[in-house]
Every structure is written in structure tokens, then in C-alpha cells.
Amino acid sequence: MRKLGIIALALFIQHVSAQTNRFVYQVTMKPNAENKSEIKTENAYLDISPEKSVFYSENRIKRDSIMQKAFQGGGGRGSINRDQMESLRTNISYSVEKDKTNQKTYFKDRIGRDMYSYEEDRPVSWKISSETRKIGEYKVQKAETDFAGRKWTAWFTTDLPYQDGPYKFGGLPGLIVKIEDDKGDYSFDLMKNYKIAEFPTLNQFGNTLKVKRTDFVKQQQKFRTDPMSFMTQGAGGISAPMRIGGGRGSGGNQNPADIRKRMEERVKEEAKKNSNPIELQ
């Protein structure tokens, strides 16, 4: 009986240690280069297990859940509450996965209709300071880095035994509690943490194209320069005209040229709102 108790305890400890730890960060952004007074704030999750970690938007997983329930219920897109979906719009369209086994970081983001994935090829090099302070309940230490065209100041704690942090940041002797760039355009602040049973599945509509980081940057620049031309091209520049009329509720008598013009204006406005990206280089 005692042996059974020991085995049960060992299995329980193993189960607890295998659980995923979720760290919730408040992300503050100024994504519009022409209007720095427009500040966006939303939460993002950093889910950490012994094998990997994933950083992504809280709103994204909520939107995915709503869509999944709608399709499972047989209602399709028509049954989705548009106001609810609008309230869950996110400025964090990307996700970042860090593989603990091979020490590699993978970035995924959507450009136009497709999802792009690349392996980060620039290491984050830190300069650790002896300066310490208290943030919330944690004693934290200062570290600085230059990454992707911005100067970043991070505060990490060894109270949490994870060499990780939000976005692509990690590799310090503890978890990053706070990190911000010197222009005040982006900041990540740890709010709370708790355990979850497993990683959620992030829905990825459309194709997923694996590319080099430099190719991703080129495609992103093409989209920002001429979003409609990009949207009407398939992967590798293959022509793939968008369907711009005849859909339910679109009104069959609408002029396709007018529809295209409205779409172009909408896509350009969206690109303008995101003209101050987190990576400048």
C-alpha cells in the first residue's frame, strides 16, 4: 500500500511539473508612426513548458475559440457575432515559438492571405547591469540590448526560473518581468501567471509558407508599398485574383471596380495604422 502511495505521489509530481506555465503580459504599443498619441493596449500570453514556449495574443485565441464554436455548431461565419469579433481585434497578429531543445526561435505572421514562418537568425545579445529594483513582488535586475533597430531595456527576475520573456526576448538568467524600447513605442509588462493543462491550438487559415527572415521582410515591404497588388498575387508572384463580388450580402449589382477601390482603401488604411512596427530593421 505504501509503495502504491509513493508511486501515486511520483506520478502527481510528474504531472504537475509537466504542466504549462502561462505568463500574462500587458503589451502597450504605438503602431501608427504618424500618430504616436494613439496608444494600443492588450494582453498577450507567454506559455512555457520544459520543451518550448509560445508567445501570442490573448484576443487571437479568443477569436479562434468563437470561430471554432461557430463552425462546429454548423452555423459557419454567418452565425458569428461581428461586434464581439470587432472588440477582439488584435495588433499582435504574430506568434513566437522558442524551441528549448535546439535553442531556436520561430516567428509566424500573416501577410495578406497567407501565413509566413521563419527561423530567427539574429541572436539577442545582452549587457547585464548590476542595477536592481523591485517590480511588484519580484526583485529584478537590469539588462540592455540592441535588437532589430531598437534599443531595449529589460528587467528580469531569478525568482522565476525561466530564461525566457515576451516576443523574441530571452536568454537572461531569469524571466523578463518588464521590457521596453527607448522611444517608448513598445513595452511588455508581466501582470500575472498561472498553470494551464496544455498549449492551445492556434488556428491558421490559408497557406503557411516557410521562408528565410530576409524573404519575409521583402514580402512585408511589398505589402506595405502596394497592398492590393500583393493581395492579388499568390506565393512567388503567381497571379491569383481576389474574388471581389457575388458573395452573400455583397449585392450582385455592385460595380467590381468600386468594390476593389473600397478594398484597396481599407487595406491601405490598415497598413498606415501599422506603420511603426516593433522591428525597424
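The values are calculated or read from the model by the stated rules, or taken from the named source; none is laboratory data. This one's a predicted model, so the numbers in the text were calculated from it and none came from an experiment. Positions of Cβ are backbone-derived with ideal geometry, glycine not excepted, and every protein chain shown enters the neighbour counts. With ligands, DNA and RNA removed, areas are computed over all heavy atoms of the protein, side chains included. Shrake-Rupley method; radii C 1.70, N 1.55, O 1.52, S 1.80 Å.
The one condition from (1) at pLDDT below 95; (2) of a type outside the set (Asp, Glu); (3) farther than 21 Å from GLU198 by Cα; (4) open to solvent by 20 Å² or more (accessible area, probe 1.4 Å) that MET115 does not meet is (4).
Scanning the range 103-133 for residues that are under 18 Å from ASP181 (Cα atoms), in contact with a strand residue (DSSP E or B) (Cβ under 8 Å, 6 or more places away or on another chain) and part of a loop (DSSP other than H, G, I, E, B) yields ARG122, VAL124, SER125, TRP126. Scan the range 24-55 residue by residue and report those that are part of a strand (DSSP E or B), of a type in the set (Ser, Thr, Tyr) and over 17 Å from LYS104 (Cα atoms). Listed by number, the residues that qualify are TYR25, THR28, THR41, TYR45. In the range 174-194, the qualifying residues are those that are hydrophobic (A, V, I, L, M, F, W, C) and open to solvent by less than 10 Å² (accessible area, probe 1.4 Å), and the one that is farthest from LYS40 (Cα to Cα) is LEU175. Taking each residue of the range 37-52 that is surrounded by fewer than 16 Cβ atoms within 10 Å (Cβ to Cβ) and hydrophobic (A, V, I, L, M, F, W, C) and looking for partners that are at pLDDT 95 or above and not in a strand (DSSP E or B) with beta-carbon atoms closer than 9 Å, six or more apart or interchain, yields ILE39/LYS30. When the residues of the range 136-173 are filtered to those that are among the acidic types (Asp, Glu) and open to solvent by 40 Å² or more (accessible area, probe 1.4 Å), the one that is nearest to ASP189 (Cα to Cα) is GLU137. Of all the residues in the range 19-36, those that are open to solvent by 30 Å² or more (accessible area, probe 1.4 Å) and within 14 Å of ASN91 (Cβ to Cβ) number 5.
Within the range 89-100, the only residue that satisfies the criterion of being at pLDDT 95 or above and surrounded by fewer than 15 Cβ atoms within 10 Å (Cβ to Cβ) is ASP99.
For first residues located in the range 253-268 and under 22 Å from LYS222 (Cβ atoms), partners that are outside any helix (DSSP H, G or I) and modelled with pLDDT under 75 and lie 6+ apart or on another chain with Cβ distances below 7 Å form the pairs ARG260/ILE244; MET263/ILE244. Picking from residues in the range 237-281 that are among the charged types (D, E, K, R) and at pLDDT below 70, the one that is most open to solvent (accessible area, probe 1.4 Å) is ARG248.
Determine whether THR153 is polar (S, T, N, Q), in contact with a Phe, Trp or Tyr (Cβ under 8 Å, 6 or more places away or on another chain) and without any contact (Cβ under 8 Å) to a residue 60 or more places away in the chain. In short, no. Within the range 118-135, the set of residues being farther than 30 Å from GLN219 by Cα and open to solvent by 80 Å² or more (accessible area, probe 1.4 Å) comprises LYS127, ILE128, SER130, GLU131, ARG133, LYS134.
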